[in-house]
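Visitor: I have a structure here, written as structure tokens, and I will follow up with some questions on it.
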Amino acid sequence: MQSLLPKQQFSQRRMALMQWMGSDSIAIIPAALQYIRNRDADFRYRQDSDFYYLSGFAEPDAVICIIPNRPQGEFILFCREKDREREIWDGYRAGVEGAIELFGADDSYPISKLDEIIPVLMEGKKRLYVNLGAQPEFDARVMNWVNSLRAKTRQGAKAPAEFVMLNHLLHELRLYKSADELNIMRRAGKISANAHIRAMQKAKHGLYEYELEAEIIHEFMRNGCVAPAYNTIVGSGANACILHYVDNRRQMQNGDLVLIDAGAELDHYAADITRTFPVNGRFSAEQKAIYEVVLNAQLAAIAAVHPDNHWDKPHTAAVEVLTQGLLDLGLLQGTLTDNIEQGLYREFYMHRTGHWLGMDVHDVGDYKVADEWRQLEVGMVLTVEPGLYISPDCEKVAAKWRGIGVRIEDDVLVTKTGHEVMTDAAPKQVIDIEQLMRG
Ligand code: GLY
Ligand code: MN
Ligand code: MN
């Protein structure tokens, strides 16, 4: 399948990478491995994000080589050969011809020829760019290729002398999203927002959490998102306080809140949305009080997404509103400053307010530069996702608050003038949620 991105976007990315690599160098990137689920059944295949970012090629059993200034061509794609028999069983393969015609490779070879050809490509290069540590078996193969060259030094062969982690360069590039990438992310955001709306419309007590998960996945798939970007969380009642709850098997009760954290993946780009709403369509007084604190914290954090601010600003904005809200409701005591400085709010808010978002749900890119929080810049996308989680056995607070868990999460693009919320089609004001659920 071809990417939704224009083909030249992939060549621009390779060019940007090659400018950073400089000549006398070679980069080698393997495709993601295929993982067995049980016995002979595999998990659905998902290409490695770095690999896809540079090639748009979604097949397994492939390796990319990038060699700046190589006269015969700089982009070499090793892949599975066309094979009529295998294609009847497992489906279409681009083959080496397709790698060139459809994916813009300058050269393409069968993956079976890797051990033979890579040392030839590597010979004479000073620097080798690889992501060591991601696939140990592949690392060992890389070392074998290097050693095979070292063994021939007396015949005049030159093995690479410098090993450089490719991650750093590539992940800097991935952090800044292009207009075309943003269009895909907006679409993923819209599809995901519609899935949350569908779940709100279908919710009622007596249903099981997985029945809402089914509504979410239904909306993803019928819009071409064949997989969620991460495992869907549907946590009702006190399950909303379990941050990575994915069991989704409880029967929802009248009076519960349900927290749904679900995002679609479209063409290898993630959306990541959380909404929390009452299963019966009406917030109780306590639920509403906690919800409004989280919502105000989220709005304050979103307002702090601006190129004048650094990465941590939205988090500190959220923490301040959450802590003040907890004080106002009597869930914390003392002063705002003491509670923040001593981290007492962490009893109810134990995670950070967001992360980079892109091809990976927890996307790549440094959060600090030279030990300082990184400045937000146009084209970066982050999530803003404060929450409050009051454990069902928290004896420090009145019983009426226990077991309430709320998170509200949106995907936010940094723009010249501030920000764009890419997922605002999913309602989050109390009045809008209640109205939607009444309808
Ligand atoms: N869904 C994962 C996260 O919100 O970080
Ligand atoms: Mn999430
Ligand atoms: Mn998130």
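The values are calculated or read from the model by the stated rules, or taken from the named source; none is laboratory data. It should be emphasised that the depicted structure is a prediction, and the values quoted were computed from it without experimental measurement. Using ideal geometry, Cβ is built from the backbone for each residue, glycine included, and neighbour counts are taken over all protein chains shown. Note: accessible area is taken over every heavy atom of the protein model, side chains too, but ligands, DNA and RNA are not part of it. Shrake-Rupley method; radii C 1.70, N 1.55, O 1.52, S 1.80 Å.
Visitor: Carbon-plus-sulfur fraction of the accessible area of the stretch 1-108, 1.4 Å probe, in percent?
Guide: 49
Visitor: Separate question: Counting only protein heavy atoms and using a 1.4 Å probe, what share of the accessible area of the stretch 361-413 belongs to carbon plus sulfur, as a whole percent?
Guide: Roughly 49 percent of what the probe reaches on the stretch 361-413 is carbon or sulfur.
Visitor: If you don't mind, there's one more thing I want to ask. Provide, for the stretch 46-169, the number of lysine pairs with alpha carbons under 16 Å apart, each pair being eight or more places apart or on different chains.
Guide: The number of close lysine pairs in the stretch 46-169 is 5.
Visitor: Can you give me the convex hull volume of the Cα atoms of the stretch 71-120, divided per residue and expressed in Å³?
Guide: 71
Visitor: Take the Cα coordinates of the chain, assign each an equal point scatterer, and use the Debye formula without solvent to give log10 I(q)/I(0) at q = 0.10 Å⁻¹.
Guide: Each listed q corresponds, in turn, to -0.79.
Visitor: Separate question: Tell me, what % of the accessible area of the stretch 234-339 is carbon and sulfur with a 1.4 angstrom probe?
Guide: 47
Visitor: Just to confirm, what accessible area per residue do you get for the stretch 268-390 at 1.4 Å probe, in whole Å²?
Guide: On a per-residue basis, 38 Å².
Visitor: Still on this structure: DSSP H helices in the chain with Cα extent of 20 Å or more along the helix axis and mean Kyte-Doolittle hydropathy at least 0.0?
Guide: 285-303, 313-328
Visitor: Which longest run of the chain has no exposed loop site in it, a site being GluC sites (Glu not before Pro) in a DSSP loop with at most 11 other beta carbons within 10 Å, and the site itself not part of the run?
Guide: For GluC sites (Glu not before Pro) (loop position, at most 11 other Cβ atoms within 10 Å), the longest site-free span of the chain is 1-376.
Visitor: Just the Cα atoms of the stretch 265-334: what Rg and Dmax do they give in Å?
Guide: 15.2, 49
Visitor: I'd like the distance separating the alpha-carbon centroids of the stretch 1-72 and the stretch 235-310, in whole Å.
Guide: 35
Visitor: What value in Å³ per residue do you get for the convex hull of the alpha-carbon atoms in the stretch 219-290?
Guide: Spread over its residues, the Cα hull of the stretch 219-290 gives 101 Å³ apiece.
Visitor: Hey, another quick one. For an R0 of 35 angstrom, estimate the FRET efficiency from the Cβ-Cβ distance between Ser23 and Asp83 and round to the nearest 0.05.
Guide: 0.45
Visitor: Just round it to a whole percent: the fraction of Cα-Cα distances in the stretch 159-314 exceeding 29 Å.
Guide: 30
Visitor: Here's another thing I want to ask about it. Once Rh for the stretch 369-439 is found with the Kirkwood sum over Cα pairs, what is the Stokes-Einstein diffusion coefficient at 20 °C and 1.002 mPa s, in µm²/s?
Guide: Translational diffusion coefficient: 139 µm²/s.
Visitor: Something else now. Give the separation of the Cα centroids, the stretch 91-158 to the stretch 379-415, in Å.
Guide: Here the answer is 47 Å between Cα centres.
Visitor: Using 7 Å Cα-to-Cβ label points, what is the Glu101/Phe163 separation (nm, one decimal)?
Guide: Going by the 7 Å Cα→Cβ label model, 4.0 nm.
Visitor: Hey, another quick one. Give or take rounding to whole Å, what are the principal axis extents of the alpha carbon atoms in the stretch 155-218, in descending order?
Guide: Result, largest extent first: 75, 29, 17 Å.
Visitor: Stretch Glu172-Asn231 to full length: gain in nm at 0.36 nm per residue minus the Cα-Cα span?
Guide: 18.6 nm
Visitor: Which value, to two decimals, describes the C-alpha radius of gyration of the stretch 108-249 once divided by 2.2 N^0.38 Å?
Guide: That works out to 1.68 for the stretch 108-249.
Visitor: Now, a different point. Taking Rh as the Kirkwood radius, which is the inverse of the mean 1/r over Cα pairs, what is the Rg/Rh value for the stretch 30-144?
Guide: When Rh is taken as the Kirkwood radius, the ratio is 0.96.
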